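Heads up: the structure comes next, in structure tokens.
The values are calculated or read from the model by the stated rules, or taken from the named source; none is laboratory data. Predicted, not measured: the structure shown is a model, and the values here were computed from it. Surface accessibility is based on the protein's heavy atoms, side chains included, excluding ligands, DNA and RNA. Shrake-Rupley method; radii C 1.70, N 1.55, O 1.52, S 1.80 Å.
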Amino acid sequence: MKWRAYGPKAVLIELSPDSGSGGSQVRAVAQALEAAAPEEVAEWTFAFETVLVEFRTAGNVAERAEKLLEWFASLQPMTGEDAPLVEIPVVYDGEDLEVIARGSGLPIAEVVERYRAPNYEVAMLGFSPGFPYLR
């Protein structure tokens, strides 16, 4: 893990790339912060392999970042089984469905099944509150 100052009250922490582990380190850090964020941490924002941590007050960002890195390194990576499964009802009737089916040479039912088959992970929330980026 690496970090860099993001102003006088925040750090951007780059977590180790998950190498296909499905965001296990990011999930572990998120769960730890939700459960027991250090008192000096005001808020945090996650992306695919980074977390922006804002402190309540300005101070020694380097010392605070190093403490966070030590804490994060002690966390156990999470498996997909540790994350809750949320089913989202989806209707497959968009105008592009027929275009995708025709372009892929698959029947519409097969296109729908291929989209529905995997479990997707919310890797981060995006530009609009609650807009999930899935992987």
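Here are some notes:
- Between 0 and 90°, nearest 10: helix 24-36 axis offset from the chain longest Cα axis: 50
- Scattering curve values for segment 22-135, log₁₀ I(q)/I(0), Debye with Cα scatterers, q = 0.16 Å⁻¹: -0.86
- Among R116, R64, R56, residue whose mean-square fluctuation peaks in a GNM of the chain (springs only between Cα atoms under 10 Å): R116
- Relative to the longest principal axis of the Cα atoms of the chain, the long axis of helix 95-104 makes an angle of roughly 80 degrees.
- Gaussian network model of the chain, Cα within-10 Å springs - most flexible of A101, A37, A47: A101
- Working from Cα pairs under 8 Å separated by at least six residues, relative contact order for the chain is 22 percent.
- Counting only protein heavy atoms and using a 1.4 Å probe, the accessible area of S104 comes to about 60 Å².
- Structure remark: mean-square fluctuation, Gaussian network model of the chain, C-alpha springs under 10 Å; the largest value among L75, L12, L52 belongs to L75.
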